[in-house]
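The values are calculated or read from the model by the stated rules, or taken from the named source; none is laboratory data. Keep in mind the model is a prediction, meaning the values are calculated, not measured. Backbone-built Cβ (ideal geometry, glycine too); neighbour counts: all protein chains shown. In case anyone asks, the SASA skips ligands and DNA or RNA and just uses the protein heavy atoms, side chains included. Shrake-Rupley method; radii C 1.70, N 1.55, O 1.52, S 1.80 Å.
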Amino acid sequence: QVQLVESGGGLVQAGGSLRLSCAASGVSISINAMGWYRQAPGKQRELVATVTRVGSTNYADSVKGRFTLSRDNAKNTVYLQMNSLKPEDTAVYYCRPVRLPGDYWGRGTQVTVSS
């Protein structure tokens, strides 16, 4: 059974940084493409960053140059380093294997950026 536990969110001023973590169980992050997603109030969930099985990363234009996705295969954990945060980054952030069947999502972690 897949479980995804996101953590590390919080309240930060614009320009600040946060590091999100996603601890996975029931699925190996080393053999799955993993993604970080976010959902802002009143908006659809969007894909923020991905990492392929071989470690290639890709980012949404809105976060490129500010966010960095990394993973620790030994800990089965994925990270999202977020720098130069903007108020428009305010959202609940989730991680998930990109090709996970079904509609399972973790509880997410709230990121709030004040101006």
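The figures follow:
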{"quantity": "Residue-count net charge about THR52 - beta-carbon cut-off 15 Å; Lys, Arg +1, Asp, Glu -1", "calculated": "+4"}
{"quantity": "Candidates TYR104, TYR79, TYR37, ranked by Gaussian network fluctuation over the chain, Cα under 10 Å, top entry", "calculated": "TYR104"}
{"quantity": "Apportionment of accessible area to carbon and sulfur, region 42-106, percent (1.4 Å)", "calculated": "46"}
{"quantity": "Estimated FRET transfer efficiency (VAL54, ASP103; beta-carbon r; R0 22 Å; 0.05)", "calculated": "0.25"}
{"quantity": "Euclidean distance between Cα centres, region 84-115 to region 1-58, Å", "calculated": "6"}
{"quantity": "Contact order normalised by residue count of the chain, Cα under 8 Å, 6+ apart, percent", "calculated": "37"}
{"quantity": "Whole-number D in µm² s⁻¹ for the chain, Kirkwood Cα-pair radius fed into Stokes-Einstein, 25 °C, 0.890 mPa s", "calculated": "175"}
{"quantity": "Magnitude of the charge dipole, the chain, Cβ model with Lys/Arg +1 and Asp/Glu -1, debye to 20", "calculated": "140"}
{"quantity": "Accessible area of the chain divided out per residue, in Å², using a probe of 1.4 angstrom", "calculated": "54"}
{"quantity": "For ALA24, net neighbour charge (Lys/Arg +1, Asp/Glu -1) across residues whose Cβ lies under 12 Å away", "calculated": "+1"}
